[in-house]
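Report on one structure; see the data block that follows.
The values are calculated or read from the model by the stated rules, or taken from the named source; none is laboratory data. The model shown is predicted, which means the values in this text are computed figures rather than measured ones. Every residue, glycine as well, gets a Cβ built from its backbone with ideal geometry; the counts of neighbours run over all protein chains shown.
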Amino acid sequence: MAHQSTTVKKPALEVVEPKSGGDDSFQTFILHDEDHTLGNALKYILNKNPSVSFVGYSITHPSETKINLRIQTTGVPAIDVLKQGLKDLKQMCGHMLTTFESATKYYKENHLEERYMEDQS
């Protein structure tokens, strides 16, 4: 009989329950398997939300791949603000990808003749 590994994978997002309880307008989240790439982008997006009074993140140690994200709002539940921030970031990334692909296609179509001439020289 083969021994099967029962490794439990942590969820991508972990919600740290506040010790005081009750107020959901400030919350700490742990995002596993992430680094400064997502941390900085998400902090930027969340800071643009008028409901956010504070957002910050930290990486506790360089060898760890998790972000501690702290959000404080003006009364809106922090989890709702995080969800909206992730949606906004996804939309922004989609727009950047579409713009990049369009510009790349335009460049290739309009500079093919120049490359052909260089190859003929």
Next item on the list: For segment 23-42, enumerate the residues that are buried (at least 18 other Cβ atoms within 10 Å of the Cβ) and of a type in the set (D, E, K, R).
Entry: GLU34
Notebook entry, point to check: If you check every pair at least six apart or on different chains, which have Cβ atoms under 8 Å apart with a residue in segment 76-89 that is farther than 10 Å from ILE45 by Cα and of a type in the set (A, V, I, L, M) first and a residue that is at pLDDT below 95 and surrounded by fewer than 16 Cβ atoms within 10 Å (Cβ to Cβ) second?
Noted result: ALA78/ASP24; ALA78/PHE26; ILE79/VAL15; ILE79/ASP24
Next item on the list: Give the residue that is modelled with the lowest pLDDT, with candidates limited to residues of segment 11-36 that are in a loop (DSSP other than H, G, I, E, B) and under 20 Å from THR65 (Cα atoms).
Entry: PRO11
Check: If you take the residues of segment 60-75 that are within 11 Å of PHE26 (Cα to Cα) and modelled with pLDDT of 95 or more, which of them is surrounded by the fewest Cβ atoms within 10 Å (Cβ to Cβ)?
Finding: THR74
Next item on the list: Could you look through segment 37-59, keep only residues that are assigned to a loop (DSSP other than H, G, I, E, B) and over 16 Å from SER25 (Cβ atoms), and pick out the one that is modelled with the highest pLDDT?
Entry: LYS48
